[in-house]
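First up is the structure itself, then whatever we jot down about it.
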């Protein structure tokens, strides 16, 4: 039970409803920010760039960010910390971000004992 500042008691159903409303508001704000940011990145960049020797190719902001990222990665004067951040960003962007997975399984004591015997016998 939560006790608001005015001293009244709130039951769990009312608290759950308030949390649900706040969560919905937060999701709505995040969705709007993602949409706005995606639109900004998909717009054409206001500069023309030289790509593969071709002058004046128009690119999207997303492509401009990718080019800048590659410049950081290829520059030999890039600080190690900046290089690692850029590398991590590139890795995550192409979908190779490592994820932690925890698998929980019920194992009977006999199997645990067998694995321990195998491990302990290998160490000796």
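See the values below:
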item: Residue that is under 17 Å from the mean Cα position of the chain (by Cα) and modelled with pLDDT of 85 or more, where the choices are 86, 24; result: 86
item: Residue among 78, 93 that alone is surrounded by 10 or more Cβ atoms within 10 Å (Cβ to Cβ) and modelled with pLDDT under 85; result: 93
item: Those residues of the stretch 72-98 which are within 23 Å of residue 38 (Cβ to Cβ) and not in a helix (DSSP H, G or I), in sequence order; result: 94, 95, 96, 97
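The values are calculated or read from the model by the stated rules, or taken from the named source; none is laboratory data. Predicted, not measured: the structure shown is a model, and the values here were computed from it. A quick note on method: Cβ atoms are made from the backbone with ideal geometry, for glycine too, and the neighbour counts reach across all protein chains shown.
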